[in-house]
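Some notes on the structure that comes next.
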There are 2 protein chains.
Amino acid sequence: MRPTMRDVARHAGVSLKTVSRVVNGEVGVRPDTAEKVNDAISALGFRRNDIARALRGGKRTRSLGLVIKDVANPFYSQIARGVEEVARLHDLFVISGCSDEDPARERHLIRSLCERRVDGLLVVPSAADHRYLIPELNMGTAAVFMDRPPEEAIRADVVLIDNVGGARSAVEHLIAHGHRRIACLADLPGIFTARERRRGYDEALQAHGIPVDESLVRLGPHDVAGAEAATAELLALGDPPTAVFAGNNRLTIGALRAIQAAGTRTALVGFDDFELADMLATPVTVVAHYPAEMGRRAAELLCRRMNGEDLPPQRVLLPTRLIVRGSGESPPI
Amino acid sequence: MRPTMRDVARHAGVSLKTVSRVVNGEVGVRPDTAEKVNDAISALGFRRNDIARALRGGKRTRSLGLVIKDVANPFYSQIARGVEEVARLHDLFVISGCSDEDPARERHLIRSLCERRVDGLLVVPSAADHRYLIPELNMGTAAVFMDRPPEEAIRADVVLIDNVGGARSAVEHLIAHGHRRIACLADLPGIFTARERRRGYDEALQAHGIPVDESLVRLGPHDVAGAEAATAELLALGDPPTAVFAGNNRLTIGALRAIQAAGTRTALVGFDDFELADMLATPVTVVAHYPAEMGRRAAELLCRRMNGEDLPPQRVLLPTRLIVRGSGESPPI
DNA sequence: CACTAAGACGACAACGTTGTCATCTCATCC
DNA sequence: GGATGAGATGACAACGTTGTCGTCTTAGTG
């Protein structure tokens with residue numbers, strides 16, 4: 001179906017190798033020969049076969065694998081965007097797959113990507129054992145992890161958000177506005193970022209001599225409805241919190257709903273910025289971070305590895321920024 | 001670096017072909033031989049090289065190319081998600097690239113994807129000439145377009161949203177609530193979906209015997225700020241509109257801002273649903289559609305083509321749904 | 001004119017796999 | 001006991017490209 005260099009060569013009356021030279025812009029071809037070849041290429045609609053090229057070269061497929069939870073989720077799609085930007089600069093293609101947080105699927109994806117001989121791997125790891133990756137890494141496939149670190153045993157670069165610092169800044173913001181009874185909505189404790197953010201909450205309170213009141217901490221709400229219910233419960237306490245720190249954007253929305261429903265002036269700071277946070281009835285104060293930057297940094301690290309740089313494993317911590325919009329500045333009642 | 005089947009064969013004391021048989025689960029290998037081979041595979045950490053496989057097979061790379069404007073944009077990332085779901089079912093990988101609406105980049109992407117011998121192409125075309133694709137299509141690369149049709153000259157499947165019908169339903173909803181002076185915010189007229197939605201607006205008015213008042217139509221606002229300014233201008237008219245139809249979600253947000261700022265009770269229906277539309281101070285009535293479904297349908301069509309089905313070019317029109325939330329039901333003043 | 005060297009071009013092997021076909025080993029059967 | 005055939009295994013070519021090296025042409029030199 002598709003013509004090969006051999007077909008082009010026949011059509012132009014030259015050898016296969018001469019076509020290769022023209023296609024690759026190598027020197028040592030007379031201009032008139034090159035023209036004949038180019039004419040044949042246009043006439044036949046020839047496209048160099050990168051599959052054969054990668055095989056013959058034996059080295060690079062000029063592609064990298066990206067394993068995320070779900071492209072439809074803005075957090076991950078922004079990561080993907082950052083990765084794609086860097087890949088473009090290096091003339092690489094991104095082959096991506098969604099793990100949907102399923103360890104088996106993640107493993108299958110990574111395995112398939114290795115079989116396709118991607119030059120490198122960018123992974124947001126699910127909470128599972130990643131030791132199966134070690135042979136792949138030893139075999140020379142570079143890998144960089146994002147958002148969550150893999151097991152100790154895996155020596156690879158990681159790019160993380162400063163979860164602890166970001167959470168601390170949120171809670172300190174509330175403390176600075178006079179709050180002492182501050183609730184914490186954290187996601188499932190199996191999730192790395194949830195644990196880290198919860199740790200930031202604890203650290204902020206301790207740093208200001210406020211004892212952690214476990215009755216104000218809710219581990220486990222994982223979606224908007226769960227967070228709404230948990231917040232409603234907190235607000236119904238005899239001695240309710242005057243402020244809420246929500247560990248991610250879904251929890252923030254849930255908390256917001258409950259607070260609106262309760263009609264209180266409870267202060268709220270959420271982790272993760274989200275679109276329209278400034279357009280809501282009460283604009284939401286958030287700890288913002290930059291997923292695209294995470295993708296970029298990870299991809300850059302990966303490219304350095306792919307180019308053979310041999311640094312010790314890097315651990316990059318990306319800063320967060322508190323965006324003050326209103327919901328976090330209500331005084332305690 | 002990475003072991004090949006030849007290495008495995010040597011290690012197991014069998015022939016290359018026997019390893020191939022074991023790896024591919026072919027029949028005709030004694031269990032004990034298979035075990036020796038599997039042991040060697042584990043010992044060496046062998047991974048079949050899909051590059052070589054694709055070359056030898058000559059046929060399928062089991063991958064498809066996806067060209068969209070920008071993964072970070074929720075509309076496109078949901079398309080990507082739909083595509084990925086179908087790809088997963090067919091054991092295909094998705095290689096994606098962002099065109100950023102740059103025709104040159106789009107062309108480069110498509111060309112590179114063809115050089116990688118993707119089995120099929122899914123494209124949201126930019127407003128440009130796509131005739132360069134014709135040779136690729138003739139050469140047997142299947143292609144399906146999404147969201148916007150390519151030129152007449154290109155015979156390929158297209159999956160579109162029912163832009164005209166959706167816009168008409170929005171405007172008819174406003175008419176049903178008693179509005180006669182309905183403004184229209186449309187994006188740049190170079191954009192296919194903007195033209196179509198504008199057409200739906202016209203058709204709805206005409207169907208109800210309401211003359212189109214060009215002074216209420218704004219072509220050109222392309223972002224939130226532009227829509228906000230345009231809407232402010234409309235509201236400041238001596239005889240302002242009592243309702244606004246906004247042609248996409250950015251324009252809807254802009255219109256909403258202007259209406260809030262003006263403090264009027266102007267009704268608003270927007271094309272495109274968006275997250276938190278129900279959480280805003282005034283929940284927004286929208287014409288919703290399902291980008292992930294578009295990705296799925298397009299990918300399914302593509303897979304049928306890739307499997308050799310030879311139908312005439314299909315044109316799929318996906319329905320929209322009006323979601324009533326409040327902003328579209330204010331009566332005229 | 002003979003000799004040299006650079007420049008242009010081609011022949012061939014190799015990348016790692018799989019399809020085709022040949023060979024080899026046994027158990028079975030008359 | 002030899003013929004038969006099924007089952008297991010291997011040798012080899014081919015996929016489309018590029019690296020290596022050899023050959024041929026031609027311009028330049030003495």
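The values are calculated or read from the model by the stated rules, or taken from the named source; none is laboratory data. Just so we're clear, the structure is a prediction, and the values are computed from it rather than from any experiment. Positions of Cβ are generated from backbone atoms using ideal geometry, with glycine treated the same way; all protein chains shown enter the neighbour counts. Only protein heavy atoms, including side chains, enter the accessible area calculation; ligands, DNA and RNA are left aside. Shrake-Rupley method; radii C 1.70, N 1.55, O 1.52, S 1.80 Å.
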Excluding ligands, DNA and RNA, the carbon-plus-sulfur percentage of the accessible area of segment A:55-114 with a 1.4 Å probe reads 49
Tell me the total accessible area that B and A bury against each other, 1.4 angstrom probe, in square angstrom rounded to 100.
5400
When only alpha-carbon atoms count, how far does the protein assembly as shown stretch along each of its three principal axes, as whole angstroms with the largest first?
79, 69, 47
Total formal charge among the other residues, if their Cβ is under 15 angstrom from that of A:ASP129, Lys/Arg +1 and Asp/Glu -1:
-1
7 Å along Cα→Cβ for the label point: how many nanometres lie between B:GLY13 and each equivalent label in the other copies, listed shortest first?
6.0
Rounded to two decimals, what is Rg over Rh for segment B:5-48 when you use alpha-carbon atoms and the Kirkwood radius?
0.90
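What relative contact order, as a whole-number percentage, does segment A:148-266 give when Cα pairs under 8 Å and 6 or more residues apart are counted?
Taking the mean separation of contacting Cα pairs over the length of segment A:148-266, I get 28 percent.
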What is the P(r) of segment A:149-298, as percent of Cα-Cα pairs per 5 Å bin from 0?
2, 10, 19, 23, 21, 13, 7, 4, 2, 0, 0
Between copies, how far does the label point of A:PRO189 sit from its twins, in nm, shortest first, when each point is 7 Å from Cα along Cα→Cβ?
6.4
Where the convex hull is taken over the Cα atoms of chain A, what is its projected area averaged over directions, in nm²?
21.5
Taking the chain alone as reference and the full protein assembly as comparison, with a 1.4 Å probe on protein heavy atoms only, the residues of segment A:54-74 that lose at least 40 Å² of accessible area are A:LEU55, A:VAL71, A:ALA72
With N set to the residue count of segment B:60-205, report its C-alpha Rg divided by 2.2 N^0.38 Å to two decimal places.
1.21
Return the whole-Å distance between the Cα centroid of segment B:260-333 and the Cα centroid of segment A:278-307.
28
Can you name the helices of chain A, as whole DSSP H runs, whose Cα span along the helix axis is 15 Å or more and whose Kyte-Doolittle mean is not below 1.0?
A:224-235
Taking a probe of 1.4 Å and leaving out DNA, RNA and ligands, segment A:163-288 shows per residue an accessible area in Å² of 37
Relative to the compact-globule scaling 2.2 N^0.38 Å, provide the ratio for the alpha-carbon radius of gyration of segment B:182-268.
1.00
Quick one: pull the percent of accessible area on segment B:5-48 belonging to carbon and sulfur, 1.4 Å probe, ligands and nucleic acids left out.
49
Solvent-accessible area per residue for segment A:5-48 at a 1.4 Å probe radius, Å²?
59
Put a point 7 Å out from Cα along the line to Cβ at B:GLU115; what are the distances to that point in the other copies, in nm, shortest first?
2.7
How far is the Cα center of segment A:138-179 from the Cα center of segment A:27-82, in Å?
35
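Calculate what fraction, in whole %, of the accessible area of segment A:163-288 sits on carbon and sulfur atoms when a 1.4 Å probe is rolled over the protein chains.
Of all accessible area on segment A:163-288, carbon and sulfur atoms account for 52 percent.
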Please list, in chain and number order, the residues 5+ apart from A:GLY220 or on another chain whose amide H is under 5 Å from its amide H, with Hs placed from the backbone.
A:ALA186, A:ASP187, A:LEU188
Over 16 Å, how big is the tail of the calculated P(r) for segment B:211-333, in percent of all Cα pairs?
65
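Show that you can apply the helix-only estimate: for chain B, add -39,500 (n - 2.57) for every DSSP H stretch of four or more residues, divide by all residues, and state [θ] at 222 nm to the nearest 500.
Roughly -13500 deg cm²/dmol at 222 nm, from the helical runs in chain B.
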